[in-house]
Amino acid sequence: QASPWVAANPADPRDTNFSASPAASTITADIVHQHRYKGLLWYSTFEVDFVGEYRLPAGAPAGAPQTGVFILPLPDGASTYKALSAELDGKPVALPGTASGRIVVPIDRKTEHVVKVHYQTGGQDAWVYSPGTAPQTEVQDEKVLVESGQYLRELTDFDLAIRTDFTDIDYPRGTLSPTKPADVADGKASAGWTAQRLITRQSMGMAMPKRPNAGPIVARMSLLAPVSLAFFFTVLLAVVVLKAIPLHPMHLLFVAAGFFA
């Protein structure tokens, strides 16, 4: 989930001229984890209930129009959203632009506003909140690696809380550590990131617990199996030559077949 911004041009939300970041952000992510088995592999999936409340500053930069739009990009890769809603100053607003993968709320920049966004969606391996654009993530050696964003972003009056229904918590590589140790109690855990003023390009998030997958391990073992078989045949042929044993090639074939069986 990437952080939102305020754009000056309602006709073109991609126009970043005279854009602004929220003056305050209060975010909660409640995560329910589930292991799923498919195709001889275990997948670490989860459902996240996201609530973000953003206070937008009053006034626009010199030369900028006094009208604008609040833009929150929806997570990349998510295909289903439940309970998607947005409120402007406590009143529900329509979301006609969600088909483009973002929440767009028109605002009057002359006054301060509070925008609240809520949705539920699913994911795999890790949930990450990025202060800028969505980061690149990948899984290496059963660990989630998150690349830092390209640009530094400023977060003011920032509060992010992640609550999980599991205690085996971990943080993706390359992400920012919580501001205090996680609280673990009653089979649940919670971690928080707070800052009055933070300039960073690092994301924040939670990695899901994983179950060992036997398939990839067996595949790597199978790739290395001919090496040990070659050593065995080398010793076997040496003994056959030294002892003058009339070993038929079919014997070697049956030995190799039994080895792989």
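The values are calculated or read from the model by the stated rules, or taken from the named source; none is laboratory data. The structure presented is a predicted model; accordingly, all values stated were derived computationally and were not measured. For neighbour counting, all protein chains shown are included, and Cβ atoms are generated from backbone atoms with ideal geometry for every residue, glycine included. Please note that ligands, DNA and RNA were not included when accessible areas were found on the heavy atoms of the full protein model with its side chains. Shrake-Rupley method; radii C 1.70, N 1.55, O 1.52, S 1.80 Å.
Odds and ends about this structure:
- Dipole magnitude (debye, nearest 20) for segment 96-161, charges at Cβ of Lys, Arg, Asp, Glu: 420
- Candidate residues Arg109, Arg55: accessible-area rank, largest first, probe 1.4 Å: Arg55, Arg109
- The chain, helix-only ellipticity at 222 nm - DSSP H runs n ≥ 4, -39,500 (n - 2.57), divided by all residues, nearest 500: -5500 deg cm²/dmol
- For segment 172-224: rounded, prolate or oblate by the Cα gyration tensor [a/c cutoff 1.5]: oblate
- Put Tyr119, Tyr43 in order of accessible area, highest first, and with a 1.4 Å probe you get Tyr43, Tyr119.
- Ordered from largest to smallest accessible area (heavy atoms of protein chains, 1.4 Å probe), the residues His251, His118 come out as His251, His118.
- Each residue of segment 69-79 is assigned a 3J(HN,Hα), and the resulting list reads 9, 8, 10, 10, x, 7, x, 5, x, 6, 10 Hz, derived from the Karplus form 6.51 cos²θ - 1.76 cosθ + 1.60 (θ = phi - 60°), x at Gly and Pro.
- Measuring spread by the Cα atoms of the chain yields a radius of gyration and Dmax of 27.0, 98 Å.
- Number of Lys pairs (Cα under 28 Å; 8 or more positions apart or on different chains) in the chain: 18
- The residues of the chain present an accessible area of 58 Å² per residue when probed at 1.4 Å with all protein chains retained.
- Between helix 214-243 and the chain there is an angle of about 20 degrees, using the helix long axis and the longest principal axis of the Cα atoms.
- Here segment 72-121 has 53 percent of its accessible surface on carbon and sulfur atoms, given a 1.4 Å probe and all protein chains in place.
- Per residue, the average separation of C-alpha pairs within less than 8 Å and at least 6 apart gives segment 32-83 a relative contact order of 19 percent.
- Taking amide H as placed 1.01 Å from N in the peptide plane, the amide H of Thr67 sits under 5 Å from that of Arg109, each at least 5 places away or on another chain.
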